[in-house]
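Reviewing the structure listed below.
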Amino acid sequence: METVRHQGRETAYDVADRGGTGPTVCFVHGSGGSRAAWKAQHRLADRYPVVAVDLSGHGDSEDVDADPGYTRLSAYADDVAAVLEETDADVLVGNSLGGAVAMHLLLEREPDVEAAVLTGTGARLGVLQDLLEWLADDFDRAVEFLHADDRLFHDPSPELREESIEGMYDCGRAVTERDFLTCHRFDVRKELHGIDVPTLVVYGEHDQLTPPQYHESLADEIDDAELVEISDAAHLAMLEQPAAFNEAVADFLDGLE
């Protein structure tokens, strides 16, 4: 684990580099997660150095006092911007909330990156009202809902499902709730034309949290975008079908070269 200090706090990240000569890729996790969401993407490190970030209050990163919504999203963007600068990363990848962070950076910060990958995300990320209420008052039910069929996963192994549940409990109710509230208030549908780097949009075939049409809209509205479906996967396609996900990312990055 590495850390970078910025704005009075430390943000944790991992680097996996097995001599890859391609662009350095920085991965940003979603709500209630951590950099562990990208463990299977370390397999790419023999071709591309891999960086995975813990957003503030997640994993090993220090928290920051910021309200849910734009203020929290901006704080998360500060975390990622610091890691991008520290690691000289060239490609920004975001899943779900991490996709919102990536879009925020691309639209408002103009980071020095060559390309982006958006997966399990959308230009608007409205959250079911029942889920918001469960996150506030019945965390067990919220976790159960998210781990039902075709939400986070389509058909995971028992081990993968249990690992994901444990990770969400480790993150905790308060952090997970504010993540989903931040997603709920995110809306850049009218701004997508401002993303001016080549972008890969990847979605799980069965994702009910951010359905295929969310991704189709991203690919339609971003000028230089391509769309890839991952079969037999839902919201966390990078964990459920890592080989197919990694192949899609590698094909995209090789096309840039």
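Give, as residue ranges, the helices (runs of 4 or more DSSP H) completely inside the range 120-233 that count at least 1 residues that are open to solvent by less than 30 Å² (accessible area, probe 1.4 Å) and of a type in the set (D, E, K, R). Write out each step before concluding.
Details: elements: 129-137, 139-146, 158-171, 173-184, 212-221.
Those helices (runs of 4 or more DSSP H) span 173-184.
With respect to the conditions (1) closer than 30 Å to residue 140 by Cβ; (2) part of a helix (DSSP H, G or I); (3) open to solvent by 30 Å² or more (accessible area, probe 1.4 Å), residue 245 lacks only one, and its number is (3). Taking the numbered list (1) open to solvent by less than 20 Å² (accessible area, probe 1.4 Å); (2) assigned to a loop (DSSP other than H, G, I, E, B) in turn, residue 112 passes all entries but (1).
Got a sec? Which of 240, 221, 205 is over 20 Å from residue 28 (Cα atoms), among the acidic types (Asp, Glu) and in contact with a strand residue (DSSP E or B) (Cβ under 9 Å, 6 or more places away or on another chain)? Walk me through how you get there before you give the answer.
Values: 240 fails: over 20 Å from residue 28 (Cα atoms); 221 fails: in contact with a strand residue (DSSP E or B) (Cβ under 9 Å, 6 or more places away or on another chain).
Answer to the selection: 205.
With more than 23 Å from residue 182 (Cβ to Cβ) and open to solvent by 10 Å² or more (accessible area, probe 1.4 Å) as the only criterion, which of 90, 78, 65, 60 stands out? Please lay out each step first, then the result.
Values: 78 fails: more than 23 Å from residue 182 (Cβ to Cβ); 65 fails: more than 23 Å from residue 182 (Cβ to Cβ); 60 fails: more than 23 Å from residue 182 (Cβ to Cβ).
One residue alone meets the criteria, 90.
Among the listed residues 36, 45, 40, identify the single one that is at pLDDT 95 or above, within 25 Å of residue 120 (Cβ to Cβ), open to solvent by 20 Å² or more (accessible area, probe 1.4 Å) and of a type in the set (Gly, Ala, Ser). Every option except 36 fails the conditions.
Answer yes or no as to whether residue 213 is of a type outside the set (Gly, Ala, Ser) and free of Cβ contacts under 8 Å to residues at least 12 places away in the same chain. Explain how you work it out, then say what you get.
Numbers: of a type outside the set (Gly, Ala, Ser): yes; free of Cβ contacts under 8 Å to residues at least 12 places away in the same chain: yes.
It is true that residue 213 is of a type outside the set (Gly, Ala, Ser) and free of Cβ contacts under 8 Å to residues at least 12 places away in the same chain.
Within the range 219-257, the residues that satisfy the criterion of being under 15 Å from the mean Cα position of the chain (by Cα) and of a type outside the set (Phe, Trp, Tyr) are 234, 235, 236, 237, 238, 239, 240, 242, 246, 249.
Table: residues versus (1) on the phi > 0 side of the Ramachandran plot; (2) among the charged types (D, E, K, R).
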site	(1), (2)
45	no, no
48	no, no
54	no, yes
57	yes, no
66	no, no
69	yes, no
74	no, no
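Among the candidates 123, 89, 102, 116, the residue that is within 15 Å of residue 75 (Cα to Cα) and among the small types (Gly, Ala, Ser) is uniquely 102.
The values are calculated or read from the model by the stated rules, or taken from the named source; none is laboratory data. This is a predicted model, so every value here is computed, not measured. With ideal geometry, Cβ positions are generated from the backbone for all residues, glycine too; neighbour counts draw on all protein chains shown. In case anyone asks, the SASA skips ligands and DNA or RNA and just uses the protein heavy atoms, side chains included. Shrake-Rupley method; radii C 1.70, N 1.55, O 1.52, S 1.80 Å.
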